[in-house]
Amino acid sequence: MSAARTGEGTAPADADPRRWWGLMVIALAQLMVVLDATIVNIALPSAQRDLGMSDGNRQWVITAYTLAFGGLLLLGGRIADLVGRKRTFVIGLIGFAGASAIGGAAVGPAMLFGARALQGVFAAVLAPSALSLLTTTFTDPEERGKAFGIYGALAGSGSAIGFIVGGVLTEYLNWRWCLYVNIPVAVAAVTGALVLLHDRPGHTDVRLDIPGVLLGCGGLVALVYGFSEAQPRGWGDPFVLALFATGAVLLTAFVWWQTRAPVPLLPLHIVRDRNRAGCFLTMMLAVIGMFGMFLFMTYYLQVILDYSPVQTGLAFLPMTASILIGSTQISARLLRHVGPRMLMAPGMLLASGGMVVLTRMTVHSQYASEILPSLILMGLGMGLTFMPVFSTATAGVAPRDSGVTSATVNTSQQVGGSIGTALLNTVATSTSASWITSHLTDPARRQEIIREGVVHGYTVAIWLAAGIMLLAGVVAGLMVTAKAPKHGTPADRPVPEPVG
């Protein structure tokens with residue numbers, strides 16, 4: 001890739017000549033963070049047997065990570081603004097590698113749960129600094145489009161890549177390597193960051209809003225914890241309802257405090273911007289549907305169609321390729337000519353259509369004719385959506401707020417993933433149980449009826465996911481009104497704070 005020219009345009013005179021190599025470092029770190037949310041999914045049965053986890057506790061291998069990650073992202077974004085993005089990026093990488101080593105060496109469930117939570121803490125520092133480094137490195141609209149196309153492709157496909165890598169490592173080594181693999185990746189990223197990345201000094205006038213941290217992070221943790229507990233306990237359980245109520249109260253108090261805080265954790269003018277708010281909401285709704293699909297398809301391929309872990313991972317490969325094509329070859333090329341909603345709304349319509357195709361699956365479905373088309377449609381739709389979401393949500397933010405804005409994009413993604421996993425899994429399991437109970441009339445067909453009931457539960461939940469993705473398309477079409485960036489206009493011109 002040329003450092004001086006990109007396509008039709010010329011790079012800014014003060015642009016870093018090594019910025020594309022820097023992008024590779026940032027993308028590598030982001031890929032590690034995103035795929036770590038799913039890489040252990042396929043390894044979970046092996047880890048459960050090895051460490052003697054109960055069925056009720058095994059969910060904490062996933063939930064401990066998403067809880068810490070989603071709950072602490074806003075704080076991580078503010079720390080990046082305070083002490084500098086490059087410094088927090090390197091600290092996050094080192095800490096993430098250390099937590100991965102602890103998890104890989106776990107001798108019991110508690111040690112693994114704690115290591116996964118620690119990974120989430122450092123991921124919450126790493127992810128916002130990675131995205132804000134990208135935001136401040138690429139300011140030319142044409143270059144910015146290509147950079148965010150690559151970044152959006154990794155963010156969208158990282159979960160699918162996690163399944164592939166997790167399957168290979170689990171089948172040919174063992175589940176511990178799903179954690180150990182982060183160590184060489186982090187070492188390479190730290191080395192690259194020290195050599196290639198540059199950053200402005202931290203903003204000494206940025207102060208950590210401690211009441212905002214406690215209210216905002218506490219509210220998000222309560223909300224995510226409530227959704228994670230809704231699966232084993234049920235939505236009407238008093239503890240689950242108490243968690244939701246606590247989360248709602250804390251988040252309401254957080255919004256109130258942000259209007260009065262001297263230096264707010266999340267400046268509300270960032271969220272009040274119509275385009276940015278539309279991007280945050282579109283991202284959250286899109287990921288709700290996507291994470292639910294990943295969960296169902298993993299179990300469907302392994303349990304119903306008897307795929308091995310590696311076969312399951314490879315089955316997601318066409319979707320990963322479609323996301324890459326949608327982001328880097330379609331969105332990145334079109335975004336400088338059309339408004340972002342002209343990509344986001346059709347993208348969500350395509351993804352929703354892919355979900356509808358998937359509702360036709362049965363216990364005897366053929367991958368090539370019934371599963372593959374839906375995965376390609378969903379991949380293209382996600383690729384069309386994620387790249388303009390990342391680019392539009394972070395465009396025009398004052399440099400002192402770039403870290404917290406980046407954190408808000410990631411927060412919407414993580415909270416959406418947690419909600420999607422809990423909500424759709426609860427719908428699927430309850431629907432399956434009801435269907436099996438009403439159809440279990442012939443004991444000789446017991447196993448077949450159970451399998452049919454499980455697939456029926458998946459298809460009902462996938463219909464819901466299709467509706468949520470359609471809603472994401474409507475939100476993008478109505479809320480995101482930004483125009484295509486004009487060539488040669490710097491992308492880092494700050495949005496002024498509204499008066500009053």
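The values are calculated or read from the model by the stated rules, or taken from the named source; none is laboratory data. From a predicted model like this one, the values you see are computed outputs, not experimental measurements. Cβ coordinates were reconstructed from backbone atoms using ideal geometry, including for glycine residues, and neighbour counts include every protein chain displayed. Accessible surface is based on the protein model in full, side chains and every heavy atom, while ligands, DNA and RNA are left aside. Shrake-Rupley method; radii C 1.70, N 1.55, O 1.52, S 1.80 Å.
For the stretch 97-136, name all the residues that are open to solvent by 10 Å² or more (accessible area, probe 1.4 Å) and not in a helix (DSSP H, G or I).
Ala105, Val107, Gly108
Considering the stretch 360-400 alone, what residues qualify as being surrounded by fewer than 24 Cβ atoms within 10 Å (Cβ to Cβ), under 25 Å from Gln413 (Cβ atoms) and not aliphatic (A, V, I, L, M)?
Ser374, Gly396, Pro399, Arg400
Given the conditions (1) in contact (Cβ under 8 Å) with a residue 40 or more places away in the chain; (2) open to solvent by 60 Å² or more (accessible area, probe 1.4 Å), report the number of the one that Ser322 does not fulfil.
(2)
Going by the structure shown, is Val90 hydrophobic (A, V, I, L, M, F, W, C) and assigned to a helix (DSSP H, G or I)?
Against the criterion (hydrophobic (A, V, I, L, M, F, W, C) and assigned to a helix (DSSP H, G or I)), Val90 qualifies.
Residue pairs, Cβ under 8 Å, 6 or more apart or interchain, first in the stretch 220-245 and among the acidic types (Asp, Glu), second open to solvent by 50 Å² or more (accessible area, probe 1.4 Å) and assigned to a helix (DSSP H, G or I). List them.
Glu229/Phe239
Quick one: would you say Thr489 is surrounded by fewer than 17 Cβ atoms within 10 Å (Cβ to Cβ), at pLDDT below 85 and out of contact with any strand residue (DSSP E or B) (no Cβ under 7 Å at 6 or more places or on another chain)?
yes
Among Val190, Val221, Val249, which is the only one that is at pLDDT 90 or above and crowded, with 19+ Cβ neighbours inside 10 Å?
Val190
I need every pair where a residue in the stretch 250-275 that is in contact (Cβ under 8 Å) with a residue 12 or more places away in the chain has its Cβ under 9 Å from the Cβ of a residue that is in a loop (DSSP other than H, G, I, E, B) and of a type in the set (Lys, Arg), sequence separation at least 6 or different chains.
Pro262/Arg207; Val263/Arg207
So Thr139 ticks every box in (1) at pLDDT below 80; (2) among the hydroxyl-bearing types (Ser, Thr, Tyr); (3) open to solvent by less than 10 Å² (accessible area, probe 1.4 Å); (4) over 15 Å from Ala393 (Cβ atoms) but one. Which box is left unticked?
It fails just one condition, (3).
Considering (1) open to solvent by 10 Å² or more (accessible area, probe 1.4 Å); (2) closer than 30 Å to Arg400 by Cα; (3) in a helix (DSSP H, G or I), say which one Pro262 fails and leave the rest.
Pro262 satisfies all of (1) open to solvent by 10 Å² or more (accessible area, probe 1.4 Å); (2) closer than 30 Å to Arg400 by Cα; (3) in a helix (DSSP H, G or I) except (3).
Any chance the stretch 287-298 includes a residue that's of a type outside the set (Val, Ile, Thr) and open to solvent by 50 Å² or more (accessible area, probe 1.4 Å)?
Looking for residues that are of a type outside the set (Val, Ile, Thr) and open to solvent by 50 Å² or more (accessible area, probe 1.4 Å), one finds none in the stretch 287-298, hence no.
Could you say which residue among Gly473, Gly403, Gly453 is open to solvent by less than 20 Å² (accessible area, probe 1.4 Å) and without any contact (Cβ under 8 Å) to a residue 24 or more places away in the chain? Let's see the steps before the verdict.
Details: Gly473 fails: without any contact (Cβ under 8 Å) to a residue 24 or more places away in the chain; Gly403 fails: without any contact (Cβ under 8 Å) to a residue 24 or more places away in the chain.
Among Gly473, Gly403, Gly453, only Gly453 is open to solvent by less than 20 Å² (accessible area, probe 1.4 Å) and without any contact (Cβ under 8 Å) to a residue 24 or more places away in the chain.
Looking for whichever is of a type outside the set (A, V, I, L, M) and touching a Cys at 6+ places or on another chain (Cβ under 6 Å) here; the options are Thr405, Thr385, Thr392. Which one fits?
Among Thr405, Thr385, Thr392, only Thr392 is of a type outside the set (A, V, I, L, M) and touching a Cys at 6+ places or on another chain (Cβ under 6 Å).
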